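Remarks on the structure that follows.
A short reminder: the numbers here are calculations on the coordinates, not readings from a lab. None of the values given here were measured: they were computed from a predicted structure. Don't worry about glycine lacking a Cβ; one is built from the backbone with ideal geometry, like all the others, and counts go over all protein chains shown.
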Amino acid sequence: MWEMQGGNHLPRCLCGKYTKNGLCPKCRKQVKPSLDRARRDVWENNHIGTTHENLKKLPDDVKRELAHVLEALDGLEEHFLLIGGTAVMAYNPYRVSFDVDLLTYHGSAAEKKALALYPQYLPASRGEKVGNYFFKGEWAKVHVMVVPFESFDITWASKKRRAGLGERSFFVPHIDRLIEMKRLSARPVDLEDVKALEAVRKKWK
């Protein structure tokens with residue numbers, strides 16, 4: 001796969017790594033260019049650039065809560081992803097989210113700081129390395145999902161995309177990962193999100 005960076009096409013391996021010489025630093029495999037994929041990635045990058053405008057449509061209470069969380073996690077963007085309805089809004093401007101959903105990994109500074117923000121938390125499930133925490137924030141509800149590092153690094157963060165709200169930037173899962181996550185949840189609202197995201201995804205082919 002190829003992606004536009006700095007005005008030039010850079011080769012991207014299927015594992016998500018980039019290189020300037022065509023050799024994946026992780027897999028040690030030669031990455032060959034693909035014109036179709038190059039065109040798709042250029043479209044993808046142009047589209048994800050609209051996320052700042054999409055996320056401006058968040059309800060004011062959610063914006064305030066999200067800004068509060070992002071301020072606490074400043075400098076830790078590599079250690080968490082914004083997921084849920086807000087991440088869907090990054091790709092689909094017609095979606096509206098009413099809470100804040102974060103994904104991070106066990107033992108990370110992002111996990112510790114996020115949980116410290118809300119000392120009175122209600123864990124829906126909790127294990128040694130996995131947990132689902134639901135909070136009632138000052139302005140909106142917050143959900144923090146904690147997974148093992150391997151799952152976060154390989155499954156979710158390997159193809160992440162940068163988004164932003166105001167002066168704060170953060171990462172959301174790649175649209176393919178987001179579709180997978182929504183399919184696993186399988187709630188009516190998640191299945192509606194899958195349809196909308198797949199409609200966007202078709203434009204990349």
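Charged neighbours of residue 57, selected by a Cβ distance under 14 Å, balance to 0 (K, R count +1; D, E count -1). For residue 200 and residue 141, the FRET efficiency from 1/(1 + (r/R0)^6), where r spans their Cβ atoms and R0 equals 22 Å, is about 0.25.
Taking 30 Å as the straight-line reach from the Cα of residue 26, the lysines in range (excluding those fewer than 8 positions away in the same chain) are 17, 112, 129, 159, 160, 182, 202, 203, 205. A crude spin-label estimate for the pair residue 167 and residue 150, with each label 7 Å from Cα along the Cβ direction, gives 4.1 nm. In this rough spin-label picture, where each label sits 7 Å from Cα along the Cβ direction, the residue 53-residue 189 distance is 2.6 nm. According to the square roots a ≥ b ≥ c of the eigenvalues of the Cα gyration tensor, what is the shape class of the stretch 51-202, taking rounded for a/c under 1.5, prolate for a/b larger than b/c otherwise, and oblate for the remainder? Since a/c stays below 1.5, the shape of the stretch 51-202 is classed as rounded.
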